[in-house]
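The values are calculated or read from the model by the stated rules, or taken from the named source; none is laboratory data. If you're wondering where the values come from, they're calculated on a predicted model, not measured in any experiment. With ideal geometry, Cβ positions are generated from the backbone for all residues, glycine too; neighbour counts draw on all protein chains shown. Heavy atoms of the whole protein, side chains included, go into the accessibility calculation; ligands, DNA and RNA do not. Shrake-Rupley method; radii C 1.70, N 1.55, O 1.52, S 1.80 Å.
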Amino acid sequence: MRTIKNKPEILAPAGTLEKLKVAINYGADAVYIGGEAYGLRSRAGNFSFDQMKQGVAYANAHHAKIYVAANIVAHEGDVAGAGAFFRKLRDIGISAVIVSDPSLIEIAITQAPGLPVHLSTQASTTNYAALNFWQQVGLERVVLAREVGIAEIKEMRRHTNVQLEAFIHGAMCIGYSGRCVLSNHLSLRDANRGGCAQNCRWKYDLFEMPHPGVKQSQLKNGEAFSMSAVDLAMIQHIPDLVEAGVNSFKIEGRMKSIHYVSTVANVYRQAVDSYCADPDHYVLKPEWVDELWKVAQREMSTGFYYGTPTADDELFGKRRKRPHYSFVGEVLGYDEQRHLAIIQQRNNFGVGDQIEFYGPHFTHSQQKVTRLWDRDNDILYRAPDAMMICKVPVTHPVKAGDMIRKQRV
Amino acid sequence: MINLIATAASYQQVKALLAAGADTIYLGEDQFGLRLPHSFKPEALAQVVKLVHRAGKKVTVAVNALMHNDRINLVGDYLKFLSKLKVDHIMVGDPGVVYILHQLKLPLAYIYDSEVLMTSARQINFWAQQGASGAVLAREIPYAELVQLAPELRIPAEVQVYGATCIHQSGRPLVHNYFDFVKQHQNRSDRKRGLFISAPHKPQTHYSIYEDINGTHIFANNDLNLITKLAQLQALGLNDWKLDGLFADEAGFVKIVSQFAQAKKALLTDQWSSELAATLSEQVNAHQPANRGLDTGFYTIEPSEVR
């Protein structure tokens with residue numbers, strides 16, 4: 001029976017130490033995080049060196065890796081201290097740094113030898129010659145531009161042996177990442193230094209101006225001009241990505257919740273393991289796709305993988321209907337004797353609600369909440385307080401680390 | 001020495017630009033170069049190169065597209081062709097082109113320009129280490145940063161002093177997709193169509209937008225005009241001044257170039273004054289297309305204003 005030897009890595013985002021642990025528990029082989037400097041997600045909840053150490057210890061215990069994104073495009077003076085920063089990452093045990101600015105690449109390579117460097121998608125790498133260029137400079141891996149198709153990746157693979165990382169899920173820039181300063185010009189916020197105001201998703205007036213001040217608007221049918229991409233989801237095309245030679249499957253979203261990270265990592269873990277174990281008999285399971293919809297924030301498409309995106313790949317018109325789930329809480333423990341799930345609440349729920357437990361390895365169980373107690377065994381009807389501990393009788397055993405969601409009505 | 005670099009829209013315009021005082025002519029074709037006033041096929045390009053070299057001036061050819069494999073497969077032959085033509089420089093914006101240039105070992109000097117990404121001296125010096133003989137500075141660098149940056153440069157860096165500033169490039173046909181959605185079929189979206197977008201609640205803004213084979217391009221609200229700032233640039237040793245005539249009309253652009261040539265002459269002969277700068281700036285305004293504004297972009301912005 002054929003199997004896939006070089007199984008691609010699943011790389012998940014982790015905005016916090018908690019998300020890092022959840023991502024790894026739910027199947028991520030590696031996570032990427034931000035440090036307190038040089039990263040593009042200034043609002044994503046970034047890691048101090050101390051938190052990084054805790055993250056590395058956790059990752060090491062679970063055979064996972066941690067990459068740190070340091071992908072700003074620096075202005076004069078911004079790179080002061082970068083050499084020491086990179087050495088610190090290396091010494092903490094970070095597996096690689098994700099960089100886009102050549103000045104930071106040069107600093108990482110010359111001042112922190114031994115720390116592998118990955119080129120960020122912000123550098124918009126779209127051809128094999130560029131891959132070879134960066135490998136020659138000393139990079140271990142390149143995160144491809146989101147504008148690259150499956151056929152192009154296959155052609156790249158024939159010309160290079162540098163590691164290839166590609167986005168498989170999440171929100172996308174509408175333009176070539178890095179080559180967009182809409183935010184700088186429209187909002188005085190530097191897109192390439194963590195300030196992106198997402199101006200692409202605004203509603204614009206599109207017009208001709210045959211004479212100064214005389215605007216002839218092109219808006220039609222009440223629809224404004226916008227540049228808002230739907231999200232990427234490659235769940236239906238895992239075989240193509242594996243066979244094209246992608247080494248790392250990247251999930252977007254350092255700002256996203258643990259509900260999102262656990263769900264998405266869990267799904268792709270299943271799909272990749274299933275395909276690599278027996279590629280010739282692989283079947284896409286509809287429940288994987290359904291599961292992704294439970295945390296979808298926008299409609300989903302395959303981006304540039306199978307051709308240039310059309311109007312269907314942008315957010316125009318009314319939102320199409322999709323199920324809305326809210327995150328209810330996390331299981332802290334299970335009382336086997338009394339069949340009780342001990343839960344830390346994250347959103348209001350209570351007696352009468354239909355909830356869903358899910359856990360690593362894609363375990364699921366449905367449960368109607370019939371009774372509810374607080375930690376002192378006092379009877380509750382709702383669990384309204386954030387992070388409160390409560391207990392729920394369950395018909396299927398659950399485990400610490402399982403998550404709970406419910407469909408919004 | 002001050003180097004006035006002007007884009008070319010036609011053979012005839014090149015003649016006029018040289019007469020007006022341009023030192024370097026910048027041109028290319030859309031297949032390999034980005035956002036050019038005219039796409040010169042190889043034969044037409046060769047004629048311009050001859051013309052410019054006969055006048056003792058220089059040529060830079062744009063090979064600065066973001067290249068996918070299909071273009072990378074073709075660019076080697078194009079580089080050989082440019083090398084035979086003895087063009088003075090090529091403009092490169094993709095590391096893949098640098099790689100191929102090194103592999104082919106062609107005697108072809110290159111200037112690196114990844115546009116909005118060219119934001120520090122250290123980055124430019126990285127490209128110098130990779131063999132670049134020049135670079136182009138991002139338009140988003142304020143003067144206060146230029147002051148820090150200029151002394152650190154190991155190779156000359158061009159500063160755009162006139163013309164449109166690209167602020168977004170998408171691989172998607174964004175205008176076309178919109179027209180498709182609202183069912184305005186067969187609607188043009190090329191540069192000549194003259195489309196703009198305005199930001200929400202700011203109806204007076206007018207960002208040019210168009211599509212070509214390199215994707216969708218969006219430009220800053222106003223074109224740049226730094227003619228009043230040239231003495232400052234000269235004092236910093238930033239003497240490669242680029243004028244981009246992408247949205248200017250052919251004859252008007254020649255007039256604009258001649259204002260900068262006058263400024264250059266005045267600076268080199270100690271005739272510069274703020275009165276002269278103001279007069280020349282008025283002239284630039286007079287030849288600017290009526291539906292396009294001018295300003296100094298990020299030049300006068302305090303670095304701390306940008307978050």
Buried solvent-accessible surface, both chains (B, A), 1.4 Å probe, Å² to nearest 100: 6600 Å²
Among A:Ala37, B:Gly134, A:His237 the positive-end extreme of the charge dipole of the protein assembly as shown (Cβ point charges): A:His237
Over chain B: Rg over Rh, Cα atoms, Kirkwood Rh: 0.95
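Let me have the relative contact order for chain B, percent, based on Cα pairs under 8 Å that are six or more residues apart. It would help to have the intermediate numbers written out before the result.
Details: 558 pairs, mean separation 59.7, N = 307.
Normalised by residue count, the contact order of chain B is 19 percent.
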Normalised per residue, the volume of the convex hull around the Cα set of the stretch B:26-139 (Å³): 105 Å³
Normalised alpha carbon radius of gyration of the stretch B:170-216 [divisor 2.2 N^0.38 Å]: 1.17
Top of B:Lys255, B:Lys86, B:Lys41 by mean-square fluctuation, Gaussian network on chain B, Cα under 10 Å: B:Lys41
Candidates A:Gly245, A:Gly93, A:Gly307: whichever shows maximal mean-square fluctuation once chain A is modelled as a Gaussian network with Cα springs under 10 Å: A:Gly307
For the stretch B:72-108, residues shielded by at least 30 square angstrom of accessible area compared with the chain on its own, probe 1.4 Å: B:Ile72, B:Asn73, B:Pro95, B:Tyr99
Amide H within-cut-off set for A:Thr125, under 5 Å, with H built and near neighbours excluded: A:Ala145
Cα-centre dipole for the stretch A:308-409 with unit charges at Cβ (Lys and Arg positive, Asp and Glu negative), debye to 20: 420 debye
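How much of the accessible area of the protein assembly as shown, probe 1.4 Å, is carbon plus sulfur, in whole percent?
So the carbon and sulfur contribution to the accessible surface is 50 percent.
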Chain A - mean residue ellipticity at 222 nm from DSSP helices (-39,500 (n - 2.57) per run, n ≥ 4, rounded to 500): -7500 deg cm²/dmol
1.4 Å probe, heavy atoms, protein only - residues of the stretch B:178-205 losing at least 40 Å² accessible area vs chain alone: B:Tyr178, B:Phe181, B:Val182, B:Gln184, B:Arg193, B:Phe196, B:Ile197, B:Ser198, B:Pro200
Whole-percent pair-distance distribution, where bins are 10 Å wide, for the alpha carbons of chain A: 4, 20, 29, 25, 15, 6, 1, 0, 0
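Do you know the relative contact order of the stretch B:90-161, to the nearest whole percent, from alpha carbon pairs under 8 angstrom that are 6+ apart?
Numbers: 95 pairs, mean separation 21.8, N = 72.
Computed over the stretch B:90-161, the figure is 30 percent.
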Alpha-carbon spread of the stretch A:182-263, three principal axes, descending order, Å: 54, 29, 26
Proximal lysines relative to A:Lys88, as straight alpha-carbon distance under 28 Å, when same-chain residues fewer than 8 apart are discounted: A:Lys19, A:Lys21, A:Lys53, A:Lys65, A:Lys250, A:Lys256
Given charges at Cβ of Lys, Arg, Asp, Glu: the protein assembly as shown dipole, positive-most of A:Trp288, A:Tyr260, A:Asn127: A:Trp288
Relative contact order computed over the stretch A:177-323 (Cα-Cα under 8 Å; 6+ residues apart), in percent: 22 percent
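How large is the convex hull of the C-alpha atoms of the stretch A:325-407 per residue, in Å³?
78 Å³
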Cα-based convex hull volume of the stretch B:137-280 per residue, rounded to whole Å³: 151 Å³
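Is there a pair in A:Lys154/A:Lys203; B:Lys41/B:Lys105; A:Lys294/A:Lys318 whose C-alpha atoms are over 31 Å apart, and which pairs would that be? Show your work: numbers first, answer last.
Details: A:Lys154/A:Lys203 37 Å; B:Lys41/B:Lys105 24 Å; A:Lys294/A:Lys318 19 Å.
Violating the 31 Å limit, Cα to Cα: A:Lys154/A:Lys203.
Students sometimes get this wrong: rank B:Leu117, A:Leu206 by accessible area, probe 1.4 Å, all chains present, largest first.
Working: B:Leu117 20, A:Leu206 0 Å².
So, going from the largest accessible area down, we get B:Leu117, A:Leu206.
Starting from the residue with the highest accessible area, list B:Leu230, A:Leu188 in decreasing order, probe 1.4 Å.
On the way: B:Leu230 0, A:Leu188 55 Å².
The ordering from most to least exposed comes out as A:Leu188, B:Leu230.
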Most positive-pole-ward Cα, B:Leu224, B:Ala248, B:Ala19, against dipole of chain B from beta carbon charges: B:Ala19
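Within a Cβ distance under 12 Å of B:Val161, other residues only, what is the Lys/Arg minus Asp/Glu net charge?
Value of the local net charge: 0.
Are there trypsin sites (Lys or Arg not before Pro) in the stretch A:8-115 that DSSP puts in a loop and that have at most 15 other Cβ atoms within 10 Å, and which ones?
For trypsin sites (Lys or Arg not before Pro) across the stretch A:8-115 that sit outside H, G, I, E and B with at most 15 neighbouring Cβ atoms in 10 Å, the list reads A:Arg43.
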³J(HN,Hα) computed for each position of the stretch B:255-264 - Karplus, 6.51 cos²θ - 1.76 cosθ + 1.60, integer Hz, glycine/proline x: 4, 5, 4, 5, 5, 5, 5, 5, 4, 4
Cβ-placed point charges (K, R +1; D, E -1), dipole of the protein assembly as shown about Cα centre in debye, nearest 20: 560 debye
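Computed over the Cα atoms of the protein assembly as shown, what is the convex hull's projected area averaged over all directions, in nm²? Before the final figure, lay out each step's value.
Details: hull surface 133.4 nm².
Result: a mean projected hull area of 33.3 nm².
State in Å² the accessible area per residue of the protein assembly as shown; use a 1.4 Å probe, count heavy atoms of protein chains only, and round to the nearest integer.
Numbers: 27550 Å² over 716 residues.
Here the per-residue accessible area is 38 Å².
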Taking N as its residue count, the alpha carbon Rg of the stretch A:231-352 over 2.2 N^0.38 Å: 1.29
